[in-house]
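Worksheet: one structure, shown below.
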Amino acid sequence: MILHSVIFAFALLVVCVCSACTTDDECSLNGICVVSTCICDASWFGDDCGRLDLEPATRGTGYNYTTYTDPSYYNTRGNSSWGGQIIHDPQDPALFHLLVDQFAHGCGLSGWRPTSFVARAESRTGPQGPYHWVQNVTGSFRHNTYVHWSPFDQKYLLWTIGVDVPDPKSCKSVSKENWPNNISVSAAQDIKGPWTPFHITINGTNPAPWPLYSPENQTSKITLIAEDLRIFTAERWDAKYSLINSASWNTSDYSRTWAEDPFVWRDKRGHWHALAHWMIDIVEKNGTKYPRVGAHMYARTLEGEWTFKLQEAFNSTVTFTDGSVETFNRRERPKLFFSDDGELTPLYLVSGVQALGSTTTSYTLIQPVGTAWREYEAALGF
């Protein structure tokens with residue numbers, strides 16, 4: 001009995017030691033460690049603050065036109081898209097923009113190369129949408145859309161991969177070996193354009209930029225993070241980029257830390273984070289691409305050691321406000337929309353989703369995060 005009690009007490013001690021924090025790093029830099037307990041920032045939860053606190057999504061919001069089958073253009077496969085980025089209009093508080101990857105001629109996700117292009121959609125019903133198409137920003141082939149405001153340059157910067165090609169008439173996929181991988185950037189003073197010609201920055205894919213500007217350091221410098229967490233910096237957005245860091249973990253295909261499509265940000269404390277599409281499902285299920293999941297990575301500095309958290313930051317199961325629950329075949333291209341109060345609280349997660357059983361149609365889902373989005377929308381009158 002005494003031995004059993006000792007073993008039980010030791011087991012409790014081990015559990016407590018394993019779950020207790022000693023530094024903010026053990027809180028995923030998404031919170032602070034107070035008396036061995038992680039106090040999470042808004043929109044994050046878990047013992048280590050490593051998971052997004054996702055709220056139910058509303059069906060019919062986001063950018064979903066997979067049922068639109070005008071045979072003169074979209075044939076029978078609908079108008080598919082694959083993730084995008086929300087921009088709040090600086091002059092019109094009631095207007096939100098979504099720059100989104102869309103596929104020409106109803107080709108769908110399976111024909112993303114070469115049919116993907118960048119479109120702009122608008123919502124006057126709040127940041128969740130629904131968004132309605134208003135403009136083609138580019139022609140094919142442009143993909144991996146990433147747009148942000150550069151406070152130093154007073155311009156929007158639009159990043160993509162791809163090359164300008166004639167309008168593709170076929171949905172047949174083109175091998176990446178036939179086209180070079182490159183990350184290009186364009187600029188505009190207005191989100192509606194006009195946009196400058198694309199400028200090639202680096203050879204690579206999955207662009208994730210973030211200005212190094214802050215009120216205390218009003219610099220033109222910028223960081224650009226690409227697939228495999230290769231971290232580059234430049235003196236300005238259209239200057240030469242230099243590699244300053246890369247992932248310390250195994251980034252090769254079918255490793256347990258195989259990831260793509262990073263979304264990068266610097267938080268209110270100056271720490272760095274990335275959300276990425278984590279392909280652990282393919283690794284653990286012998287090639288099966290289901291369900292797609294997201295991973296969180298973080299570091300105190302760009303040049304410092306990054307941590308890859310081997311757990312889901314989010315997964316492909318979504319609860320909706322109508323009470324239904326859907327597990328998607330694919331959920332990728334994560335991007336966050338933050339509060340504008342200096343706290344950088346995640347308010348919405350934007351991602352591309354594809355239903356189970358589908359190989360072509362896909363759409364862009366917007367899901368609220370935490371609770372701060374309610375106050376944000378209420379303040380805007382939504």
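Values in this text are rule-based calculations from the coordinates and carry no lab data. Not measured: the values here are computed from a predicted model. When we count neighbours, we look across all protein chains shown, and the Cβ atoms used for this are built from the backbone with ideal geometry, even at glycine.
Amide hydrogen proximity for PHE338: with H placed 1.01 Å from N in the peptide plane, the residues at 5 or more positions away or on another chain lying under 5 Å are LEU347. Between VAL137 and VAL118, ALA119, ARG120, the built amide H atoms are under 5 Å apart, and every one of these is 5 or more places off in sequence or on another chain. Spatial offset of the range 223-237 relative to the range 117-143 amounts to 26 Å, using the alpha carbon center of each. By the rule of a C-alpha distance below 29 Å, with chain neighbours fewer than 8 residues away ignored, the lysines paired with LYS176 are LYS240, LYS285, LYS289, LYS335. The long axis of helix 2-19 is offset from the longest Cα principal axis of the chain by roughly 30 degrees. Per-residue ellipticity at 222 nm from helix content only, as computed over the chain with -39500 (n - 2.57) for each DSSP H run of at least four residues, stands at -2500 deg cm²/dmol. Residues of the chain were split at every exposed loop site, defined as GluC sites (Glu not before Pro) in a DSSP loop with at most 16 other C-beta atoms within 10 angstrom, and the longest piece left, sites excluded, is 1-215.
Each of MET279, MET297 has some number of other Cβ atoms within 10 Å of its Cβ, and from fewest to most they run MET279, MET297. The fewest-to-most ranking of TRP179, TRP44 by surrounding Cβ atoms within 10 Å reads TRP179, TRP44.
Normalised by the number of residues in the range 53-379, what is the relative contact order in percent for Cα pairs under 8 Å and 6+ residues apart? Computed over the range 53-379, the figure is 17 percent. When you filter the chymotrypsin sites (Phe, Trp or Tyr not before Pro) in the range 197-273 for DSSP loop state and at most 14 other Cβ atoms inside 10 Å of their Cβ, you are left with TYR254.
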